[in-house]
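The values are calculated or read from the model by the stated rules, or taken from the named source; none is laboratory data. Model, not experiment: these values are computed from the prediction. Counting neighbours? That spans all protein chains shown, and the Cβs are built from the backbone with ideal geometry, glycine included.
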Amino acid sequence: MRSRSVNKTPAKLIRARMPELDTLRGIAILGVMFLHGFYWQYSGFHFSRPQRLALMATKPGWLGVNLFFVLSGFLITGILLDSRGRPGYYRRFYTRRALRILPAYYSLLILLAVLRQASAAYLGLSSVYLANVTVLFGVANDYGPLWSLAVEEHYYIVWPALVRRCGLRSVAMLAAGICLAEPLLRAAAFKTGHASGIAAYTWFVADGLAMGGGLAVVLRTSVSRRQLTAICALLLGLAAGAAVLGSPFGLLTRDNLLGAALQHTLIDLAFAGVVLLALLLGTGRWSGYVNNPVLGFLGYISYGLYLLHLLIFRIYDKLSELFWPQLQPRDGRFGLIVLRFVCVSGLCIGLAYLSRRFFEERFLRLKERFTPSGRWAAGRLSSPSSGSQLA
């Protein structure tokens, strides 16, 4: 019965390659890069009103990480569900994850060490995927992007065993239980004055991954395309309605109990709806709207972009400070921020492409040597890129 449920694929939404998900990755990584290129560093500067509005428009870029989490939960849970009846379940999964993630990740850690961009303590904790909890060890978070990779690694440690041991319904109940428990944990942390980690600690942000996992389960049941369209509308409608009604009460911030508990839940609901909408559009006559070649390319290199972009921003700032101080952004010179972003983004895209094409792909080709897929498509659900950075 288990295998019959897993193998039902409604309306071909699940395919060996889902290019619309690369488009979503591209949107997610652009959001993160715009945040770090504009608002994150220059929110305190003074500009004209239109320039200030442009700067503020990049503030929600942090939501890209939440989109990565939902995508990762969806793709990884799907891979695990589709392969759990196959011999070598754990060996296949962890070998493929290691080949996808570790070469670029540890190369970045080495680069950060050589360039002295992070402390030895931070790099040590990051090497064992504790970058999101360094503050608990009294260590500064020296390279922000690594926190979300730590969350995903913790997910990889626990989730495969749970999926392997549970039926489809139980996996759905586990995902739903996490989505219900997380707001309570965040509320308790806020109420007791321990809210500093509610946006980064794994036990406070796992509901994005669980939301994506629940969606993967739904798509492996006998639900019809019409029902999926209704579910999509429900998810997006709930998120939009809650945002409008809850905004006056602080739901869109983490400054009070309601927002601290439910802001991430609202975001994850919205992105689960977005992922489902992309799949529905990508398998219908509107596929051109979600299969954008530029965004798809950025999705293809998004893991490298995510790892590198903040480092390249730092290098630009250091070089301009030493050799071209006139290029340093300052009050009233919004064009210098734009120039900085264009230069850094162009270089990042080039480096990320070279990394993907000539470094990461070498390891990805080893997947079939060590864990041949044969007739199975489980390990090939969409082209692995970033977050998910890591899926």
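Listed values, structure above:
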| item | result |
| --- | --- |
| Cβ pairs under 9 Å, 6+ apart, first in the stretch 235-256 and surrounded by 16 or more Cβ atoms within 10 Å (Cβ to Cβ), second part of a loop (DSSP other than H, G, I, E, B) | Ala242/Leu251; Ala243/Leu251; Ala243/Leu252; Gly246/Leu252; Gly250/Asn256; Arg254/Ile198; Arg254/Ala199 |
| Matching residues in the stretch 186-217 - criterion: being surrounded by fewer than 17 Cβ atoms within 10 Å (Cβ to Cβ) and either under 22 Å from Leu279 (Cα atoms) or of a type outside the set (Lys, Arg) (or both) | Ala188, Thr192, Gly193, His194, Ser196, Trp203 |
| Residue within the stretch 364-383 that is assigned to a loop (DSSP other than H, G, I, E, B), on the phi > 0 side of the Ramachandran plot, in contact with a Lys or Arg (Cβ under 8 Å, 6 or more places away or on another chain) and modelled with pLDDT under 95 present | yes |
| Subset of the stretch 209-226 (residues that are part of a helix (DSSP H, G or I) and either closer than 25 Å to Val151 by Cα or in contact with a Leu (Cβ under 9 Å, 6 or more places away or on another chain) (or both)) | Leu209, Ala210, Met211, Gly212, Gly213, Gly214, Leu215, Ala216, Val217, Val218, Arg225 |
| Residue check, Leu102 assigned to a helix (DSSP H, G or I), aliphatic (A, V, I, L, M) and crowded, with 16+ Cβ neighbours inside 10 Å | no |
| Single residue of Leu112, Leu102, Leu108 found to be at pLDDT 95 or above and touching a helix residue (DSSP H, G or I) at 6+ places or on another chain (Cβ under 6 Å) | Leu108 |
| Set Leu108, Leu55: member being of a type outside the set (D, E, K, R), under 22 Å from Glu361 (Cα atoms) and part of a helix (DSSP H, G or I) | Leu108 |
| Members of the stretch 58-94 found to be polar (S, T, N, Q) and outside any loop (DSSP other than H, G, I, E, B), listed by number | Asn66, Ser72, Thr77, Ser83 |
| Condition check for Leu149: farther than 20 Å from Ile178 by Cβ and in a helix (DSSP H, G or I) | no |
| Residue within the stretch 120-128 that is among the hydroxyl-bearing types (Ser, Thr, Tyr), surrounded by 23 or more Cβ atoms within 10 Å (Cβ to Cβ), touching a helix residue (DSSP H, G or I) at 6+ places or on another chain (Cβ under 6 Å) and under 30 Å from Gly167 (Cβ atoms) present | no |
| Residues of the stretch 235-254 that turn out to be among the hydrophobic types (A, V, I, L, M, F, W, C), in a helix (DSSP H, G or I) and either within 22 Å of the chain's Cα centre (by Cα) or closer than 12 Å to Ala270 by Cβ (or both), as a count | 7 |
| Out of Leu67, Leu75, Leu63, sole residue that is at pLDDT 95 or above and under 30 Å from Arg333 (Cα atoms) | Leu63 |
| Hits in the stretch 8-44 (condition: outside any helix (DSSP H, G or I) and either modelled with pLDDT of 95 or more or under 18 Å from Tyr143 (Cα atoms) (or both)) | Phe38 |
| Selection count, the stretch 324-346, where residues are among the hydrophobic types (A, V, I, L, M, F, W, C), in a helix (DSSP H, G or I) and surrounded by fewer than 16 Cβ atoms within 10 Å (Cβ to Cβ) | 4 |
| Evaluation of Ala230 against (1) at pLDDT below 95; (2) farther than 25 Å from Leu257 by Cβ (one fails), failing number | (1) |
| Within the stretch 37-93, considering residues that are over 18 Å from Val274 (Cα atoms) and among the hydroxyl-bearing types (Ser, Thr, Tyr), the one surrounded by the most Cβ atoms within 10 Å (Cβ to Cβ) | Ser83 |
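The rows are residues; the columns are (1) within 17 Å of Gly73 (Cα to Cα); (2) surrounded by fewer than 24 Cβ atoms within 10 Å (Cβ to Cβ); (3) of a type in the set (Phe, Trp, Tyr).
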{"residue": "Asp268", "(1), (2), (3)": "yes, no, no"}
{"residue": "Phe271", "(1), (2), (3)": "yes, no, yes"}
{"residue": "Leu280", "(1), (2), (3)": "no, yes, no"}
{"residue": "Thr283", "(1), (2), (3)": "no, yes, no"}
{"residue": "Gly288", "(1), (2), (3)": "no, yes, no"}
{"residue": "Gly296", "(1), (2), (3)": "no, yes, no"}
{"residue": "Gly299", "(1), (2), (3)": "yes, no, no"}
